[in-house]
Amino acid sequence: MSGRRWTASAPGGTLPGEGRAGVVAAESDVRQADTCPILVACSPPRVPPDVLTVPALTSAQRAALRHVREVALRDRPTALATIARHLARSGASYQPEQVIAAVAGHGRLTLNFHPDRPLADGRMVAAALAQEGVYRSQFETGISSGGLTAFLGGDRDRWEETLFGGAYQAPGVRPADRPKYGGLNLLDHPDGACPRFGSCHLRLRPEVLARATFCFGDSSLGPKDLGTVDAFEPVLAALLDATAGTGVSLGVAGMDTATLTRTLLRRRERSAWQPGAAGRALDDYVEAQIHGELSLAGDVEALVADPSFQHTDVGGILAGIAERHGFDLLWHGGFELPVDGIDPEFRGPAIPPLAARVHAEFGRPGEPVDAALIGRAAASLVADPARWADRGPVDLTLQHLKQLWHVLVRFGVPRTR
């Protein structure tokens, strides 16, 4: 399948997996968006209860969804008051339920990942996706673009215990049962909701929202503002609080409540979706946890890749995945910097010398530092750690490579080659 290129300039419902045959019934009494003059007057379309089916969820997955929903419903009245206050102060004429409906109707889950990172068994992430057809959790892969603590008793295990009320600590829970992490891409960032975790991302079908839970900010920070797609008010209230306090929303500067709500309520034609500049949302996102299996064939509507992988083996694997499963392979604008243009302050003074070494050993003269170049260094570090022994522990160098990627996301320019 040929890829398309985006330029950078360019309360008591049925939980998924419960009820008869795991059918999800939409709760909203709504009208079809294409009958409305503007999206603001509309809610997500009602879906017949025999249309949306989801994978059978385990008891632990259902318990996790239920726990987060109960917490969100408990906090909903306070959150609604916060949302109404922000809307009133902004002068917007929108009602809270209209904004919530836009989130449910037009938000897209994205899962950022580095396709060229090696797994414990020696395969690349992209190769494993191609061979298995499913997206696996940190507890299964043993790798992460965040902290490496996804094991029993580790930090990720303890965070999940708090977040999901101990659902995944019940007897018999397998690593494959654990949630997969991504973000809710409310502003259509072409680099995904959480680019710090990967240069590429899977964009999921809207039906998957029904088995996702959300928090504002990263779950490692112990967030208190939780939600589900039908009880999203606490997360939206936290987002509006942060936007009003900082003037930044989901990575975009110069935002206020009025601008953010207008953007969320803007009518979008998904058949001709044209996102704008990269979001660069390194630390400012709505995290999503997706419960149940994530199938490439059934749950993904597009694979969005960094252009540094075009005309490479990794790019060929990604194209094969998209072709096999019948979704688009798209290319966002990318991030690159000259090797002598790596900021020494954003992630610390160790990063520019590392970039120079990576470029000297794995790049070509005149070639910029980009995602593929960092990936070649990461693969070398895992395959031949002795080559990097002078830099200290392998984990420290892996962390510095992650931080080099963060510098690219923060300061990099779109690929022009």
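The values are calculated or read from the model by the stated rules, or taken from the named source; none is laboratory data. Predicted model only: the values in this text are computed from it and were never measured. Using ideal geometry, Cβ is built from the backbone for each residue, glycine included, and neighbour counts are taken over all protein chains shown. Accessible surface areas use protein heavy atoms only, side chains included; no ligands, DNA or RNA. Shrake-Rupley method; radii C 1.70, N 1.55, O 1.52, S 1.80 Å.
Just one of (1) open to solvent by 50 Å² or more (accessible area, probe 1.4 Å); (2) closer than 19 Å to Met124 by Cβ trips up Gly315, so point out which.
(1)
From the list Val413, Val409, which one is open to solvent by less than 70 Å² (accessible area, probe 1.4 Å), under 18 Å from Val339 (Cβ atoms) and of a type in the set (Val, Ile, Thr)? Before the answer, list the steps.
On the way: Val413 fails: open to solvent by less than 70 Å² (accessible area, probe 1.4 Å).
It is Val409.
Quickly run through region 281-296 and pick out the residues that are in contact with a strand residue (DSSP E or B) (Cβ under 9 Å, 6 or more places away or on another chain) and either among the β-branched types (Val, Ile, Thr) or open to solvent by 50 Å² or more (accessible area, probe 1.4 Å) (or both).
If the condition is that a residue be in contact with a strand residue (DSSP E or B) (Cβ under 9 Å, 6 or more places away or on another chain) and either among the β-branched types (Val, Ile, Thr) or open to solvent by 50 Å² or more (accessible area, probe 1.4 Å) (or both), then Val286, Ile290, Glu293 are the ones that fit.
Does at least one position in region 177-199 carry a residue that is assigned to a helix (DSSP H, G or I), touching a helix residue (DSSP H, G or I) at 6+ places or on another chain (Cβ under 8 Å) and more than 30 Å from Phe411 (Cβ to Cβ)?
Of all residues in region 177-199, those assigned to a helix (DSSP H, G or I) come to 177, 195-197.
Next, only the ones that are touching a helix residue (DSSP H, G or I) at 6+ places or on another chain (Cβ under 8 Å) stay: 177, 195-196.
Those left that are additionally more than 30 Å from Phe411 (Cβ to Cβ): 177.
Yes: one or more hits.
Name the single residue, out of those in region 52-93 being outside any helix (DSSP H, G or I) and open to solvent by less than 50 Å² (accessible area, probe 1.4 Å), that is nearest to Gly165 (Cα to Cα). Let's see the steps before the verdict.
Of region 52-93, the ones outside any helix (DSSP H, G or I) are 52-58, 91-93.
Next cut, open to solvent by less than 50 Å² (accessible area, probe 1.4 Å) only: 52, 54-55, 57-58, 92.
On the way: Leu52: 27, Val54: 23, Pro55: 22, Leu57: 17, Thr58: 15, Ala92: 37 Å.
Per the criteria, the residue is Thr58.
For region 354-396, enumerate the residues that are open to solvent by less than 40 Å² (accessible area, probe 1.4 Å), over 27 Å from Leu318 (Cα atoms) and assigned to a helix (DSSP H, G or I).
Leu354, Trp388 - these are the residues of region 354-396 that are open to solvent by less than 40 Å² (accessible area, probe 1.4 Å), over 27 Å from Leu318 (Cα atoms) and assigned to a helix (DSSP H, G or I).
When region 206-230 is examined, which residues are found to be out of contact with any Pro (no Cβ under 7 Å at 6 or more places or on another chain) and either open to solvent by less than 20 Å² (accessible area, probe 1.4 Å) or among the hydrophobic types (A, V, I, L, M, F, W, C) (or both)? It would help to see each step written out before you state the result.
As a first pass, look at region 206-230 and keep what is out of contact with any Pro (no Cβ under 7 Å at 6 or more places or on another chain): 206-209, 212-214, 218-224, 228-230.
Val208, Leu209, Ala212, Thr213, Phe214, Ser219, Leu221, Thr228, Val229, listed by residue number.
Among the numbered criteria (1) of a type in the set (A, V, I, L, M, F, W, C); (2) open to solvent by 10 Å² or more (accessible area, probe 1.4 Å); (3) more than 11 Å from the chain's Cα centre (by Cα); (4) modelled with pLDDT of 90 or more, which one does Phe197 miss?
Unmet condition: (3).
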